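Here's the structure, in structure tokens; my notes come after.
The values are calculated or read from the model by the stated rules, or taken from the named source; none is laboratory data. Model, not experiment: these values are computed from the prediction. Cβ sites come from the backbone with ideal geometry, for glycine too, and all protein chains shown count toward neighbours. Areas reflect the complete protein model, heavy atoms only, side chains present, ligands, DNA and RNA absent. Shrake-Rupley method; radii C 1.70, N 1.55, O 1.52, S 1.80 Å.
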Amino acid sequence: MSRPLPDDLLKVPHRRDVPLSRLTTLGVGGICRWLFEPTTELEAQAFVQACAREGLPWRVLGGGSNLVVLGDLEDPVLRLAFPKETRREGHRLTAPASHGHIALAEAAAGLGLSGLEFASGIPGSVGGAIRMNAGAYGREWIDVLVRYRFLTPEGALVEKAPEPGEFSYRWSFLTGGRVVLSATADLVEGDPVRIRAQVAEYREKRGTSQPLSKRNAGCIFKNPPGQSAGRLIDQAGLKGLRLGDAEVSREHANFLVNHGHATATEFAELMEQVRTRVLEMHGVELEPEVEIWRE
Ligand code: EPU
């Protein structure tokens, strides 16, 4: 991006030349030239409005747990840095989009509120989780989401309840320049000891079936209807398939792990090889859950 950025955009807190390896859980990627980190909704709105007015392309980054970036990012990147405070009203809990997803599940458990236990092992930010309707163990965000705030691509602030067609399995309409700002979950008051025990059980399950001790980006492909991507990849004999330091996990085949010095290109190439082999072997087209950004 060669043209200078407008003054009102530059008033939004930002950093220059941040390595994407520090912003993504896989620890790969080039340099983010412009990382904008608004600390308030108004600053986030100013960012989106300025980019819209100038016709500047930009992207939004959450916890970086579902992302592979190929090369450097020259366009501005938005990463919300709102204070990590939750607000409780009765059995409803509101969190800013930049709140850690696992931390929110823990906060809910600490308050004796049940309903977010499923979130306790899913990394990333609350905004990222809403945006893709994250879920585990048969539960997903749309089961508990009652209100959310977001910015439109033009920078208008909207607060609303979810409606049919806005969320489905690992999908929502909150893409294409829309930015989640906060989410409110409708939870149930429960016994804190029981809730914590459930959280611990989910943790334990994930810890034994998923390679959580290595850098990873969660599940790489969505589960095809009625099937398990992990099982399909496993049955295709791809566990341990390796390109440099990028490997199809030997613990859970729908995870790729970074053994240390993997590159974004290796991950993208490995995903492509897995997709091709599963198509050849099972005739099933896997759809990525992880996003690949190319400048
Ligand atoms: N399986 C294999 N080999 C493997 C992995 C799994 O045969 O290498 C089999 C398992 O034995 C099981 C089935 O596949 O019979 C399903 O596996 P699992 O229970 O691990 O669940 P999953 O469908 O692979 C989903 C979510 C995970 C979430 C778990 C737990 C998707 C794409 N994945 O995995 O979410 O943690 O359920 O609820 O929906 C994520 O979204 O990033 C993610 C990891």
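When the range 141-157 is limited to residues that are more than 16 Å from the ligand (Cβ to nearest atom), out of contact with any helix residue (DSSP H, G or I) (no Cβ under 6 Å at 6 or more places or on another chain) and charged (D, E, K, R), the one that is most open to solvent (accessible area, probe 1.4 Å) turns out to be ARG147. Considering the conditions (1) touching a residue at least 24 places away in the same chain (Cβ under 8 Å); (2) outside any strand (DSSP E or B), ALA197 is excluded by exactly one of them, (1). When the range 141-181 is filtered for residues that are among the hydrophobic types (A, V, I, L, M, F, W, C) and assigned to a loop (DSSP other than H, G, I, E, B), the ones remaining, listed by number, are VAL144, ALA156, ALA161, PHE173, LEU174. Across the range 275-295, the number of residues qualifying as within 12 Å of the ligand (Cβ to nearest atom) and open to solvent by less than 10 Å² (accessible area, probe 1.4 Å) comes to 2.
For the range 257-269, filtering for residues that are open to solvent by 10 Å² or more (accessible area, probe 1.4 Å) and within 15 Å of the ligand (Cβ to nearest atom) leaves 0.
The strands (runs of 3 or more DSSP E) found wholly in the range 44-140 and carrying at least 3 residues that are buried (at least 19 other Cβ atoms within 10 Å of the Cβ) and not assigned by TED's automatic domain parsing to the domain that holds CYS219 occupy 67-70, 92-96. Set side by side, the residues ASP17, ASP8 differ, and just one is in contact (Cβ under 8 Å) with a residue 12 or more places away in the chain, assigned to a strand (DSSP E or B) and farther than 26 Å from HIS99 by Cβ, which is ASP17.
Residues that are outside any loop (DSSP other than H, G, I, E, B) and more than 8 Å from the ligand (Cβ to nearest atom) were ranked within the range 220-250; the one that is most open to solvent (accessible area, probe 1.4 Å) is ARG242. Report, by residue number, each residue of the range 203-219 that is near the ligand (Cβ under 8 Å from one of its atoms) and not charged (D, E, K, R). Within the range 203-219, SER209, GLN210, ALA217, GLY218, CYS219 meet the criteria.
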